[in-house]
There are 2 protein chains.
Amino acid sequence: MATGVFDLLHLGHVHYLTEAKKLGDELVVVVARDSTARKVKHQPITKEEMRCELVAALKPVDKAILGHEGNIYDILDEVKPDIIALGYDQAHDEAQIISECKKRGLASAKVVRMPKFEGDIDGTRKIVRRVAEWLRMQEKLAMFEDERV
Amino acid sequence: MATGVFDLLHLGHVHYLTEAKKLGDELVVVVARDSTARKVKHQPITKEEMRCELVAALKPVDKAILGHEGNIYDILDEVKPDIIALGYDQAHDEAQIISECKKRGLASAKVVRMPKFEGDIDGTRKIVRRVAEWLRMQEKLAMFEDERV
């Protein structure tokens, strides 16, 4: 099982899911609800159903499902994972995940932290910054065009 | 064969490639070079190698390759496609593609225009607009936070 918001899909996401798939036979990805993303990170740019469908279209992913509203651990009862793969930069508390698994009768579930990937990988924030720069350039070009008229 | 810039990957891209794959056995996707994208559309937000790797990670895609710099039709000699799938909104001239195929000994190549998908599909421009709105909101929130200090 892997989890995330997966807003503005980028190569960091693909690498994380590719490594997660290598840990087992079937990779189920839990895509965060818009309401959960708002609480823990920020309002997503892309709606939850679209984020989920896009993740499901990736080669390493066997199944993508939306998380639960409210308690983020309730999805464990549904997926019953053997292994939970965390991204290198995900803020989850590993001890708390293990404890939530035990509460739910998943005593043998393991949590594995994925390695950081080398190379110039874009994060969503980096993409957002580049979109902002791009927009400023477009606005400048538009002003220049107006002056020429 | 399918083609595109595939900047800020979204569900419209996935639907286009899924339909393209249904037309044959092997789907080769030609991802536009940064220089070509600049000429025909605009400077891409994501670099060509990353756009290509992300497209290659999609389930319907058997192979993703970068296009040629310069003459966009030269890639036909390499791919030798039986069928060229065009997105519903791609501005390519179908007659010219057929003529370029014939010049290159690909007399039986067909060009098929994919249907438009129903539903609220994001285009790259729509995503860019939402990123801009999102940034404005973040800036407002930051100003509000500053005032409270």
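The values are calculated or read from the model by the stated rules, or taken from the named source; none is laboratory data. Here the structure is a predicted model, which is why all the values come from computation and not from measurement. All Cβ positions, even for glycine, are placed from backbone atoms using ideal geometry, and neighbour counts span all protein chains on display. Remember, those area values only see protein heavy atoms, side chains included, never the ligands or the DNA or RNA. Shrake-Rupley method; radii C 1.70, N 1.55, O 1.52, S 1.80 Å.
Whole angstrom only: what separates the Cα centroid of region A:124-138 from the Cα centroid of region B:1-72?
What the calculation gives is 21 Å, centre to centre.
What nm value, rounded to one decimal, do you get for the distance between A:Glu139 and B:Asp25 when each label is placed 7 Å out toward the C-beta?
My value for the distance between the label points is 5.4 nm.
How big is the accessible area of B:Phe117 in square angstrom, nearest 10, if you roll a 1.4 angstrom probe over the protein chains?
Near enough 50 Å² of accessible area.
Find every distance from the label point of A:Lys63 to the corresponding label point in the other copies (7 Å from Cα along Cα→Cβ) and write them in nm, one decimal, shortest first.
Inter-copy label distances (nm, one decimal, shortest first): 3.4.
How do A:Lys21, A:Lys39 rank by accessible surface area computed with a 1.4 Å probe, from largest to smallest?
A:Lys39, A:Lys21
What's the average, rounded to a whole number, of partner chain beta-carbon atoms within 10 Å of each residue's beta-carbon in A:49-57? Don't skip to the answer; put the middle values down first.
On the way: counts 3, 7, 1, 0, 3, 7, 0, 2, 12.
Across the residues of A:49-57, the mean count of other-chain Cβ atoms within 10 Å is 4.
Where does helix A:11-22 land angle-wise versus the long Cα axis of chain A, in degrees 0 to 90, nearest 10?
20
Please list the non-local residues whose amide H lies under 5 Å from the amide H of B:Leu66, H modeled 1.01 Å from N, same-chain partners needing a gap of 5 or more.
Residues meeting the criterion, in which the H sits 1.01 Å from N, are B:Val31.
Counting only the heavy atoms of the protein chains, how much of B:Tyr16 is accessible to a 1.4 Å probe, in Å² to the nearest 10?
20
Give the span of region A:57-122's Cα atoms along each principal axis, as three whole-Å numbers ordered largest to smallest.
Here the Cα extents, ordered largest to smallest, are 40, 27, 23 Å.
Need one value for A:126-137: mean number of C-beta atoms belonging to other chains within 10 Å of its residues' C-beta atoms.
Mean shielding count: 5.
How large is ³J(HN,Hα), in whole Hz, for each residue of region B:35-47 in order, when computed from phi with the Karplus curve 6.51 cos²θ - 1.76 cosθ + 1.60 and θ = phi - 60°, using x for Gly and Pro?
Those phi angles translate into 5, 5, 4, 4, 5, 9, 10, 6, 4, x, 7, 10, 5 Hz.
How much of the accessible area of the protein assembly as shown, in percent, comes from carbon and sulfur atoms when a 1.4 Å probe is used?
Here it works out to 53 percent.
If we hang a label 7 Å off Cα along the beta carbon direction at B:Leu141, how far is it from the matching labels on the other copies, in nm, shortest first?
Its label point is 3.0 nm from the equivalent points in the other copies.
Based on the alpha carbons, how large is the Rg to Rh ratio for the protein assembly as shown when Rh follows Kirkwood? Don't skip to the answer; put the middle values down first.
Working: Rg = 21.6 Å, Rh = 21.3 Å.
Here the Rg-to-Rh quotient is 1.02.
Counting only protein chains, not ligands or nucleic acids, how are B:Glu48, B:Glu78, A:Glu94 ordered by accessible area (probe 1.4 Å), most first? Intermediate results must be reported in sequence, preceding the final value.
Details: B:Glu48 20, B:Glu78 115, A:Glu94 75 Å².
From most exposed to least exposed: B:Glu78, A:Glu94, B:Glu48.
Have a look at the DSSP beta bridges in region A:23-149 and tell me what percent are antiparallel, nearest 5.
The antiparallel fraction comes to roughly 0 percent.
Restricting to Cα pairs below 8 Å that are 6+ residues apart, what does the relative contact order work out to for region B:1-126? Please round to a whole percent.
30
If you plug each phi of region A:57-66 into the Karplus form 6.51 cos²θ - 1.76 cosθ + 1.60 with θ = phi - 60°, what whole-Hz ³J(HN,Hα) values come out, in order, with x for Gly and Pro?
Computed from phi, the couplings for region A:57-66 are 7, 7, 3, x, 8, 7, 7, 10, 9, 7 Hz.
For chain B, report the accessible area per residue in Å² (1.4 Å probe, heavy atoms, rounded to an integer).
With the other protein chains kept in place, chain B gives 55 Å² per residue.
Counting only residues 5 or more places away or on other chains, whose amide H sits under 5 Å from the amide H of B:Val5 once H atoms are built in the peptide plane?
B:Ala32
Using the Karplus curve 6.51 cos²θ - 1.76 cosθ + 1.60 with θ = phi - 60°, what ³J(HN,Hα) values do you get for each residue of region A:23-34, in whole Hz, with x for Gly and Pro?
7, x, 8, 10, 9, 9, 10, 9, 9, 5, 4, 4
Extending each Cα 7 Å along its Cβ direction at B:Lys103 and A:Gln90, get the distance between those two points in nm, one decimal.
Here the modelled spin labels are 5.1 nm apart.
For region A:1-42, what are Rg and Dmax over the alpha carbons, in angstrom?
11.3, 32
Percent of alpha carbon pairs in region B:30-149 separated by more than 22 Å?
51
Can you list the distances in nanometres, one decimal and ascending, from the B:Tyr88 label point to the identical position in each other copy, with the point 7 Å along Cα to Cβ?
Result for B:Tyr88, in nm, nearest copy first: 4.0.
Roughly how big is the A-B contact, given as buried accessible area in Å² (both sides, 1.4 Å probe, nearest 100)? Kindly include the intermediate steps, with their values, before the conclusion.
Working: alone 9640 and 9600 Å², together 16410 Å².
Buried surface at the A/B interface: approximately 2800 Å².
Using only the heavy atoms of the protein chains and a 1.4 Å probe, how would B:His68, B:His13 rank by accessible area, largest first?
Order by accessible area, largest first: B:His68, B:His13.
Please list the non-local residues whose amide H lies under 5 Å from the amide H of B:Val112, H modeled 1.01 Å from N, same-chain partners needing a gap of 5 or more.
B:Ile84, B:Ala85, B:Leu86
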